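Participant: So that we are looking at the same thing, I have put the structure below in structure tokens.
The values are calculated or read from the model by the stated rules, or taken from the named source; none is laboratory data. Small disclaimer: the values here were computed from a predicted structure and weren't measured. Reconstructed Cβ throughout: ideal geometry from the backbone, glycine too, with neighbour counts over all protein chains shown. For accessibility, only protein heavy atoms count, side chains too; no ligands or nucleic acids. Shrake-Rupley method; radii C 1.70, N 1.55, O 1.52, S 1.80 Å.
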Amino acid sequence: RAPEEKLIHQILPYVWSLLAVFVGICLFSNPSIEGASGIGILGSAVKNVICGLFAGAAIAVPALLLLAAYFWKTDVKNVNVGYKLIYAFLFLTFLSVLINLISTGDSTNFDVVSLWSEGLLLRGGGVIGGGLGALFIKIFGFTFTVIIAVFMVLTFCMFLFGLTPRTIAESIRKRHARHEEAMKQRQIEKSRLEAKREYMNTVPENPDI
């Protein structure tokens, strides 16, 4: 039985979809982040953790969970689940870095408490985006950090939709194999035509009646 056909993998896409709805409700409910009314203590804690770490990029989390649900069986079949988890985290990280660059400019604030507090208010990039963004600015400067962040966001976005290094390599391999097969068939056909031509040249023509 194929791994993707197991019961657990039949159920998990629905689990990720429900989790996406839950996280979405947590993020877009209870404007007063402090307190537990509306979404409960668990919902408030989920919102605080995600926003504290990633700030505005947190709104991408439900979409990432829906993508996981949509591609789950394919990823299990292709053994890509672990890779997709890494791609999702890196996408979220560099998205928060990019948002931090847009909202705070060339700030190099490394104060974790300040980054967390601003992240709860959906300002900056949270602890992860703000801290990593500040580090990159120190090393590469503002302009190159923006270029790196945009490139990483676009790259990992493509990876999440299935255009991974593995699938690209597999596509190239299959295309090369098809090209080799086509060349082989053309060579066979050419050999047949040459053999037929040589045979026709060796057969004497019928005398005129």
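Participant: (i) 21.6; (ii) 11.9; (iii) 10.1: which one is mean projected area of the Cα convex hull in nm² as calculated from this entry?
Facilitator: The value computed from this structure is option (i).
Participant: Roll a 1.4 angstrom probe over the protein heavy atoms and tell me the percent of accessible area of region 35-123 that is carbon or sulfur.
Facilitator: Answer for region 35-123 is 71 percent, counting heavy atoms of protein chains only.
Participant: Sticking with this structure for a sec: Modelled label-to-label distance, L121 and L90, 7 Å Cα→beta-carbon offset: nm?
Facilitator: Calculated label separation equals 3.4 nm.
Participant: Take every Cα pair under 8 Å in the chain that's 6+ residues apart, average their separations, divide by the length, and report that relative contact order as a whole percent.
Facilitator: 19 percent
Participant: What ranking, highest mean first, results for peptides 154-165, 84-95 when packing means the other Cβ atoms within 10 Å averaged over each residue?
Facilitator: Highest-to-lowest ranking by the protection proxy: 84-95, 154-165.
Participant: Amide H neighbours of G124 under 5 Å, at least 5 residues apart or on other chains, H built in the peptide plane: list them.
Facilitator: Placed amide hydrogens put nothing under 5 Å from G124.
Participant: Test of understanding: extend the Cα→C-beta vector of R186 to 7 Å, then name every residue of region 157-175 with backbone N under 16 Å from that spot.
Facilitator: Once the point is set 7 Å along Cα→Cβ of R186, 175 turn out to lie under 16 Å by backbone N, inside region 157-175.
Participant: Going through the DSSP H helices of the chain, which span 30 Å or more along their own axis at the Cα atoms while scoring at least 0.0 as a mean Kyte-Doolittle hydropathy?
Facilitator: Helices passing the filter in the chain: 7-28, 81-104.
Participant: While we're looking at this one, here's another question. Pairs of lysines 8 or more apart, or on different chains, with alpha carbons under 19 Å: count those in the chain, would you?
Facilitator: 6
Participant: Would you mind working out the magnitude of the charge dipole of the chain relative to its Cα centre, with +1 at each Lys and Arg C-beta and -1 at each Asp and Glu C-beta, to the nearest 20 Debye?
Facilitator: It comes to approximately 400 debye.
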